[in-house]
Amino acid sequence: MAVRFVIIGGGPAGVQAATHAARLGAEVTLVERDIMGGAANLWDCIPSKAMIATGAVMALTCRAETMGLAGPGAYLDLESLRRRIGSITGHLEGAVVGLLASQGVRVIGGTATLEGPHRVTVDSPGGSVNLEADAVLLCTGSRPRVPGWAEVDAQRVLVTRQAYPPREIPTHLVVIGSGVTGVEFVHMFRSFGARVTLIVSRHQVLPYKDPEVAAALEADFLASGVALCKGARAVGIDVTEDGRGEDGVVVRCDDGRAIRGSHALLAIGSVPNSYGLGLDAAGVLVDKGGYVPINQHCQSSVAHIYAAGDLSGKLPLASVASTQGRKVAEHVMGLHTRQHRHLDYDKAASAIFTEPEIADVGLAETEAFALGRKIRVTKVPFSANARALIDGDARGFVKIVSDPATGVVLGGSIVGDRASELISVLALAVSAHLRVSDIAESLLVHPALAEALAEAAE
Ligand SMILES: Cc1cc2nc3c(=O)[nH]c(=O)nc-3n(C[C@H](O)[C@H](O)[C@H](O)COP(=O)(O)OP(=O)(O)OC[C@H]3O[C@@H](n4cnc5c(N)ncnc54)[C@H](O)[C@@H]3O)c2cc1C
């Protein structure tokens, strides 16, 4: 009899697990309470990057003369931006639904709860459905964190999911939180012409990134007029009586500063969607943050109940969620007994879609320093790269970290146009243990941004 595999949550983790397990012969049921593709498609990755893409075209239009063009520029049409985002997410949802159907996955729309270790109940519009499962995957994702000191009204005080498509462009947006999400929203609204102030609780934006990378972003923010309020932690938000105008919102900081703006946006992390899932009934343990701890196979404290994606408290990235989903499918189908590589979270590439983009993978220079590990660091700027000059954006650099004895690539960072694409070369090198000479000796295209990678690898 086929393995009965029930998946709760249709985000990247759930969809990849479902299609992969179905291909391997499982009888798969996927339960999703909202849209297929998950929060990644509806709220997070896709709409944010679609907004950023529109901002990038606006920026390009503004510097059209520098590319040899003359004539009037384009203006932002929020209604057509809204339609564009809806059409992209709708298209992706349709593609996912089609893929699941083609693999024979049973899809149920509704909210799922564990009723016991092998039993899942779905509360759906058509009534309640009971499912028996040999294996269960929990991948219900996460939602933006709202601290006790903030009252979100979705008008003036927003979380990221309420910021798009925007009803209006804030005249002065105060962004609270300078991690990846915070800086992307700073960039997004700055490119739409909003005045932006960023509250940075530490002394650099992107506190966990290479300081040289963070410094490049800060310099770009300052050059584009973003105000940085450093070393301050927000502790309260007041909305004035009518809540209107440039000063409708006041963000209070722990050092006594009060930052006034027209809107405030909270970008201070997320919390897992574990509450109400019936974890107790199934004996699944959660940590104090509400995440479901997992082992290297993504198994929870109950062996046949797996967790993946944001709920597992590992790296909150759609790419990691998808890979975990595939690994779970293989483990459920018993493929882990064959040669099976565990997921190495330290080798996950990540990108920040600012302008210039930032991307990194593997060991950072500062980490190696802290570990006392000997490394070789090579850095090449894009300022002499022919393609960067042709494209009109030669900001940034490529940095490669390698082992001085063997030449094996250990990590790297890229600041610059299309860094999110270029990092794939270093991600492959890190995961396949390639040497810098393997990159340097590749016969690349000319003119191409990737030539900077080959140069840095020399
Ligand atoms: C603003 C923003 C931008 C981001 N951009 C990127 C990016 O560019 N690249 C990247 O890699 N990552 C990005 N991320 C992170 C990425 O969105 C998440 O890591 C990813 O969505 C996690 O996938 P998941 O499968 O765990 O769950 P999700 O995508 O969160 O999906 C979980 C699904 O489970 C469903 N669900 C929850 N509870 C139940 C239940 N009881 N029954 C049925 N269904 C249920 C939900 O409706 C949801 O659809 C971004 C995050 C944010 C906040």
Inset, instruction - Please note which helices (runs of 4 or more DSSP H) are completely contained in the stretch 346-458 and include at least 2 residues that are in the same structural domain as L206 (by TED's automatic domain parsing) and in contact with an Asp or Glu (Cβ under 8 Å, 6 or more places away or on another chain). - result: none
Legend entry - Considering residues of the stretch 161-183 that are polar (S, T, N, Q) and crowded, with 22+ Cβ neighbours inside 10 Å only, the residue farthest from E218 (Cα to Cα): T181
Inset, instruction - Examine the stretch 276-291 for a residue that is at pLDDT 95 or above, touching a strand residue (DSSP E or B) at 6+ places or on another chain (Cβ under 9 Å) and within 27 Å of V186 (Cβ to Cβ), and state whether such a residue exists. - result: yes
Legend entry - Matching residues in the stretch 319-334 - criterion: being within 10 Å of the ligand (Cβ to nearest atom) and surrounded by fewer than 20 Cβ atoms within 10 Å (Cβ to Cβ): S319
Inset, instruction - Would you check which residues across the stretch 1-41 are under 18 Å from E93 (Cβ atoms), assigned to a helix (DSSP H, G or I) and either at pLDDT below 95 or of a type outside the set (S, T, N, Q) (or both) and list them? - result: P12, A13, G14, V15, A17, A18, G38, A39, A40, N41
Inset, instruction - Please determine, by comparing only the residues of the stretch 285-316 that are among the hydrophobic types (A, V, I, L, M, F, W, C) and more than 21 Å from A18 (Cα to Cα), which one is nearest to the ligand (Cβ to nearest atom). - result: V286
Inset, instruction - Assess whether D255 counts as being loosely packed, with under 14 Cβ neighbours inside 10 Å and out of contact with any Pro (no Cβ under 6 Å at 6 or more places or on another chain). - result: yes
Inset, instruction - Go through the stretch 128-152 and give me each residue that's closer than 30 Å to D238 by Cα, in contact (Cβ under 8 Å) with a residue 40 or more places away in the chain and more than 12 Å from the ligand (Cβ to nearest atom). - result: V146, P147, W149, A150, E151, V152
Legend entry - Unique residue being surrounded by fewer than 21 Cβ atoms within 10 Å (Cβ to Cβ) and within 16 Å of the ligand (Cβ to nearest atom) when the list is A215, A281, A227: A281
Inset, instruction - Filter the stretch 117-126 down to residues that are within 17 Å of D280 (Cβ to Cβ) and assigned to a strand (DSSP E or B) and give me whichever is farthest from the ligand (Cβ to nearest atom). - result: R119
Inset, instruction - With respect to L114, determine if the residue is touching a Leu at 6+ places or on another chain (Cβ under 9 Å), within 14 Å of the ligand (Cβ to nearest atom) and within 24 Å of A22 (Cα to Cα). - result: yes
Legend entry - L92 being assigned by TED's automatic domain parsing to the domain that holds V302, closer than 30 Å to L217 by Cβ, within 16 Å of the ligand (Cβ to nearest atom) and among the aliphatic types (A, V, I, L, M): yes
Inset, instruction - Return yes when L343 is in contact (Cβ under 8 Å) with a residue 40 or more places away in the chain and away from the ligand (no atom under 16 Å from the Cβ) and no when it is not. - result: no
Legend entry - Test: Y291 is among the hydroxyl-bearing types (S, T, Y), in a strand (DSSP E or B) and either closer than 26 Å to R33 by Cβ or in contact (Cβ under 8 Å) with a residue 40 or more places away in the chain (or both): no
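The values are calculated or read from the model by the stated rules, or taken from the named source; none is laboratory data. Keep in mind that what you see is a predicted model, and the values were worked out from it rather than measured. Glycine also receives a Cβ, built like all others from the backbone with ideal geometry; neighbour counts cover every protein chain displayed.
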